1. Quick one: how many residues across segment 185-219 are part of a loop (DSSP other than H, G, I, E, B) and among the basic types (Lys, Arg)?
2. Please go through segment 38-58 and pick out each residue that is in contact with a helix residue (DSSP H, G or I) (Cβ under 9 Å, 6 or more places away or on another chain) and either of a type in the set (S, T, N, Q) or at pLDDT 90 or above (or both).
3. For residues in segment 208-224 being of a type outside the set (Asp, Glu) and in contact (Cβ under 8 Å) with a residue 40 or more places away in the chain, which is nearest to the ligand (Cβ to nearest atom)?
4. Leu234 versus (1) more than 16 Å from the ligand (Cβ to nearest atom); (2) crowded, with 20+ Cβ neighbours inside 10 Å: which is the lone unmet condition?
5. Quickly run through segment 191-200 and pick out the residues that are more than 10 Å from the ligand (Cβ to nearest atom) and either closer than 15 Å to Val51 by Cβ or surrounded by fewer than 23 Cβ atoms within 10 Å (Cβ to Cβ) (or both).
6. With the checklist (1) more than 21 Å from Asn215 (Cβ to Cβ); (2) part of a helix (DSSP H, G or I); (3) away from the ligand (no atom under 16 Å from the Cβ) in hand, flag the one item Ile269 doesn't pass.
Amino acid sequence: MAMALRAASRVLLRAGSRLGRREAVDGARRFANKRVLVETEGAAGATRIAVMKFRNPPVNSLSLDFLTEFVISLEKLENDKSIRGVILTSDSLKRGNQTKVAATEKTEEKRATRDHGGRLQERPGIFSAGLDLLEMYGRNPAHYAEYWKAVQELWLRLYLSSLTLMSAINGASPAGGCLLAITCDYRIMADNPKYTIGLNESLLGIVAPFWLKDNYVNTIGHRAAERALQLGTLFPPAEALKVGVVDEVVPEDQVHSKTLSVMAKWLAIPDHSRQLTKTMMRKATADNLIKQREADIQNFASFISRDSIQKSLHMYLEKLKHKKG
Ligand SMILES: CCCCCC/C=C/CC(=O)SCCNC(=O)CCNC(=O)[C@H](O)C(C)(C)COP(=O)(O)OP(=O)(O)OC[C@H]1O[C@@H](n2cnc3c(N)ncnc32)[C@H](O)[C@@H]1OP(=O)(O)O
């Protein structure tokens, strides 16, 4: 198992050096794959933190390519001893005076909607739309197995990361988007009622895997998770805060600065004691998946291949397509 993980890491690192590129920007360092941009802050030799920005338009869905690039980036950061904290956030199109980095003109058009006067109105931001439905629909069992292995890998690496991870949730965060957030040590969400977060799998006619359910239970408690999972609840920020899916809700333009200041407090704790504590809290949950990874992959591949499940996904995709006016 350990050997297999090391071999996989070597392959990912080799792929990373092919895919990645480094640039120096105003003293800060950054590297980027096609779908993940990483910027590091802090002076050389001192503790630095990294901001990982998702840019997989139109909705930052967790496609196989995105998962691969995400793991490569995370691995690079884990291997950089000067980095102690990482912030996960979305680089997608935002409103107001914020930057538009990832969008092509066509994507911008897609990410917008027209008001009654025919003017383009930008849609709310998206942290991540979760697993890529097109990786789970109309493919073959071998593809589903490969995809699920990559999903498991991302979850394990995030959940067990020795880094301090925080999410700056600047948009909608359903299902796999919520997964990214709840693997973090701390979550700060923008106070925008159009943004919701939660595990909505049951609404799609599918079921969250047991390890994601465990992660949810560990975050919000058994009773709240039981109710939210059955109903597929997507919580707006105030409710997400109340139930404990997120730790703080702040005005949208303060999400980044607030996350930086909370990060500074966490980084004041000695790494070794914080890391050992994190492992103590999380190891049993992660081990539960590690000991049955292959069975979980086979279970997913056969579940998602069922005609009834494919039909549910088809209906859901059609609903997404036709919701536009
Ligand atoms: C043991 C078995 C275990 C099985 C476990 C399976 C676990 C699954 C976990 C998941 O993560 S499933 C995915 C759940 N995600 C969602 O339900 C989100 C669906 N999307 C939305 O609600 C909305 O798209 C949005 C994120 C709120 C954004 O809304 P907006 O109005 O801004 O954009 P849209 O017009 O809806 O979407 C644009 C474009 O993107 C496509 N799309 C949206 N979400 C996904 C996705 N998750 N995967 C792939 N593609 C997605 C959408 O269809 C549109 O495409 P089009 O071609 O432009 O029509």
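1. 1
2. Val38, Thr40, Thr47, Ile49, Ala50, Val51, Met52, Phe54, Asn56, Pro57, Pro58
3. In this case the residue turns out to be Pro209.
4. Failing condition for Leu234: (1).
5. Asp191, Asn192, Pro193
6. Going through the list (1) more than 21 Å from Asn215 (Cβ to Cβ); (2) part of a helix (DSSP H, G or I); (3) away from the ligand (no atom under 16 Å from the Cβ), Ile269 breaks only (2).
One line per residue, one yes/no per condition, for (1) away from the ligand (no atom under 12 Å from the Cβ); (2) touching a residue at least 24 places away in the same chain (Cβ under 8 Å); (3) part of a helix (DSSP H, G or I):
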{"site": "Leu276", "(1), (2), (3)": "yes, no, yes"}
{"site": "Arg282", "(1), (2), (3)": "yes, yes, yes"}
{"site": "Thr285", "(1), (2), (3)": "yes, yes, yes"}
{"site": "Glu294", "(1), (2), (3)": "yes, no, yes"}
{"site": "Ile304", "(1), (2), (3)": "no, yes, yes"}
{"site": "Leu313", "(1), (2), (3)": "no, yes, yes"}
{"site": "Glu318", "(1), (2), (3)": "no, no, yes"}
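The values are calculated or read from the model by the stated rules, or taken from the named source; none is laboratory data. Nothing here was measured: the structure is a model prediction, and the numbers come from that model. Because the Cβ atoms are built from the backbone with ideal geometry, glycine has one as well, and the counts that use them run over all protein chains shown.
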